[in-house]
Amino acid sequence: MTSDGDGMSRPARPPRLTDLIPSEADCSTAEASEDERAAAARRQFAVLLGEFRRTAVLVPIDPYGSLWTADHGGVRWICAFSDEEALGRFARAQGGAGREWTYQAILGARLLDVMVPALRMPAGVALDAGSADGMLFPPVEGIVPDGAIVDIEGTA
């Protein structure tokens, strides 16, 4: 808990998902092979994915009442944000700082397991889009359900 000086206790700001995994430098040594570094990177991503699945993220609602999405590279990305600050930066970048942004808190697992397949097109989740901490959860094996996987080789 933290206090902002008015004597009221408030929950401490939760850590950002990217704060929960070790840095690449922590997982590699000069002697590590490329295969070992790749395996370490996969482990880091698995930890991050697990945290994302267990975390409620903020998803803005578009003017039509749907989850805010963006199309890029043939994939529809559900835009999700780790906190109100990240969502606010996105809103300002979209030129919408002066209007009210409606959003829902949705568990990352629900986004990946339910919302992505419901789009019935190649879809994934973009976390903290436009920020240095941004991360993509693409429609590939191990991230989304089998029915929502997109074969990047084009042989689905």
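Each value in this text was obtained by applying a stated rule to the coordinates, not by laboratory testing. Worth saying up front: this structure is predicted, and the values here are computed from it rather than measured. All Cβ positions, even for glycine, are placed from backbone atoms using ideal geometry, and neighbour counts span all protein chains on display.
General remarks:
- Counting beta carbons within 10 Å around each of 75, 59 and listing the fewest first gives the order 75, 59.
- Remark: the range 94-99, residue by residue, has Karplus-estimated 3J(HN,Hα) of 7, x, x, 5, x, 10 Hz, where x stands for each Gly or Pro and the curve is 6.51 cos²θ - 1.76 cosθ + 1.60 at θ = phi - 60°.
- All other residues whose Cβ lies under 13 angstrom from that of residue 114 are scored, Lys and Arg at +1 and Asp and Glu at -1, for a net of +2.
- Sequence-distant residues sharing a close amide H with residue 140 (under 5 Å, placed H): 150
- Note on the range 53-156: with charges restricted to the Cβ of Lys and Arg (+1) and Asp and Glu (-1), its dipole about the Cα centre is near 240 debye.
- Highest mean packing first, where packing is the average number of other Cβ atoms within 10 Å per residue, the peptides 137-149, 76-88, 33-45 line up as 76-88, 137-149, 33-45.
- Between residue 141 and residue 110, the FRET efficiency estimated from the beta carbon spacing at R0 = 22 angstrom works out to 0.70.
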